[in-house]
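Beneath this line is the structure, given in C-alpha cells, with notes to follow.
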Amino acid sequence: MTAEEVTAFSRDDTSAFPIVVVMGVSGSGKTAIGRALGVRLDWRFRDGDEFHGPANIEKMRAGEPLDDADRAPWLAAIARWMDVRSGESDRPSLRAPR
C-alpha cells in the first residue's frame, strides 16, 4: 500500500485495513512515519519497541544484537496485540515495529 493509498483510505472505514505495519531497518524513520500516519488518519499508534521485555531492552541499550530466541516473545506479544485489535471495530490501528 502506498502512502497515497493510506492517505486516501477513509478514517471511517475500519473493514479493509484494520492494522498497518510500518517496517524497515534501524534508523529508517519507521516511528516518525507511524506517528505521522496515526495523527493524520486518527489511528492508534504503538511502537514495536513497546513490546520488548526488560531483558531485550537491556541488551539493546548495551549495543548487543537480539537473536531469534530474544525476538520470539517480542513477536508473540505483537501477534497477540494484533489479534485483539483486528477484532475491534472502533477505528484502525497502526504500529511500527523495529
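Rule-based calculations on the coordinates, nothing more; no lab input. Quantities reported herein were computed from a predicted structural model and do not represent experimental measurements. Cβ coordinates were reconstructed from backbone atoms using ideal geometry, including for glycine residues, and neighbour counts include every protein chain displayed.
Given Cβ point charges of +1 (Lys, Arg) and -1 (Asp, Glu) and nothing else, what value in debye, to the nearest 20, does the dipole of the stretch 24-96 about its Cα centre take?
320 debye
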How much length is gained if the chain between Ala72 and Glu58 is pulled fully straight, taking 0.36 nm per residue apart and subtracting their Cα-Cα distance, in nm to one decimal? 3.4 nm
Pseudo-spin-label distance Ala32 to Asp47, built 7 Å along Cα→Cβ, given in nm, is 1.4 nm
Dipole moment magnitude, nearest 20 debye, the stretch 15-57 about Cα centre, only Lys, Arg, Asp, Glu C-beta charged: 120 debye
